1. Is it true that some residue in segment 203-212 is more than 30 Å from R254 (Cβ to Cβ), without any contact (Cβ under 8 Å) to a residue 40 or more places away in the chain and not aromatic (F, W, Y)?
2. Check off (1) under 25 Å from V124 (Cβ atoms); (2) at pLDDT 95 or above; (3) assigned to a helix (DSSP H, G or I) for A243 and give me the number that stays unchecked.
3. Write out, first by first residue and then by second, each pair whose Cβ atoms fall under 6 Å of each other, whose residues are 6+ apart or on separate chains, and whose first residue, in segment 141-165, is among the aromatic types (F, W, Y) while the second is surrounded by 15 or more Cβ atoms within 10 Å (Cβ to Cβ).
4. As an exercise: evaluate P29 against (1) within 19 Å of N96 (Cα to Cα); (2) touching a helix residue (DSSP H, G or I) at 6+ places or on another chain (Cβ under 7 Å) and give the number of the one condition it does not meet.
5. Taking segment 241-259, which residues are over 28 Å from the mean Cα position of the chain (by Cα), within 19 Å of A201 (Cα to Cα) and exposed (fewer than 11 other Cβ atoms within 10 Å of the Cβ)?
6. Which of the residues that make up segment 31-77 are more than 28 Å from K212 (Cα to Cα) and not in a loop (DSSP other than H, G, I, E, B)?
7. Within the set of pairs 6+ apart or on separate chains, which have a first residue in segment 220-240 that is closer than 11 Å to N206 by Cβ and without any contact (Cβ under 8 Å) to a residue 40 or more places away in the chain, a second that is hydroxyl-bearing (S, T, Y) and assigned to a helix (DSSP H, G or I), and C-beta atoms under 9 Å apart?
Amino acid sequence: MSAELKSSRQDGTLVLTLSNPSAKNALHPDMYAAAIEMLAIADRDDSIRAVILTGADNFFCAGGNLNRLLENRSKDRTVQADSIDSLNGWTDALRNCSKPVIAAVEGAAAGAGFSLALACDLIVAGNSAKFVMAYVKVGLTPDGGGSWFLARALPRQLATEIILEGKPVPASRLHDFGLVNRLVPDGTALAAALAWAEELAALSPNASARIKTLITEAAGNSLHAHFEAEKHSFVDSLHHRDALEGIQAFLEKRKATYK
């Protein structure tokens with residue numbers, strides 16, 4: 001099968017590459033299971049400090065394969081439902097991974113590819129990259145959490161425009177709204193993401209994981225509930241070995257080394 005999710009390591013960074021050369025890295029259910037497994041490994045492996053999701057051949061992802069979707073119309077409805085459940089599992093794994101996850105986007109992130117990029121903690125994009133939720137163009141609606149992410153990250157009117165019109169949105173526009181973190185010259189998104197991942201890898205793994213959890217839970221918490229969550233996280237962090245190393249390093253004016 002030509003569609004696969006490739007993995008490689010660069011020091012403490014796990015790089016996951018969407019690869020489907022004949023279809024602009026269109027997604028396939030086999031990728032979903034592989035991604036969930038690899039992210040679970042990243043969670044357990046202390047030597048992995050960050051994860052990057054990118055696409056092969058300077059193109060992030062064209063989304064779902066329309067030929068496969070057309071075939072699924074002749075099958076029981078549960079076939080497509082199960083496929084979306086698996087995609088949602090991938091999105092969930094990206095959100096809940098204890099390591100920082102960076103999307104490195106070149107070319108375009110379309111449909112579920114856009115959803116996967118949104119599920120990452122940070123997004124680096126080439127200057128001419130585009131993001132598109134074109135489901136409406138073929139009579140469909142978003143999956144993979146795309147509408148959830150956009151509705152929370154952007155003003156209602158902009159989120160509605162992006163999803164309802166289904167037109168490509170330049171990375172620069174999303175950068176203006178803070179949805180894309182960094183714009184870089186075309187062809188350098190992966191290199192920029194790797195450099196950023198190296199910076200993040202030098203930080204406390206314990207604190208990084210806890211910060212991700214706090215941010216994820218903040219949207220569903222009341223302020224007072226979040227006060228409690230922050231309090232428990234802070235106290236637990238203070239009594240973790242990373243805080244001892246971090247505080248001592250600061251007081252001794254040296255660089256902290258986290259294990």
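The values are calculated or read from the model by the stated rules, or taken from the named source; none is laboratory data. Quick caveat, the model's predicted, so the values are computed rather than measured. Heads up, the Cβs are rebuilt from the backbone with ideal geometry, glycines too, and the neighbour counts pull from every protein chain shown.
1. No: zero hits.
2. (1)
3. Within 6 Å, the pairs are F149/L118.
4. (1)
5. Hits for segment 241-259 are R254, K255.
6. L66, N67, R68, L69, L70, E71, N72, R77 - these are the residues of segment 31-77 that are more than 28 Å from K212 (Cα to Cα) and not in a loop (DSSP other than H, G, I, E, B).
7. Short answer, once both residue conditions are applied: S233/T213.
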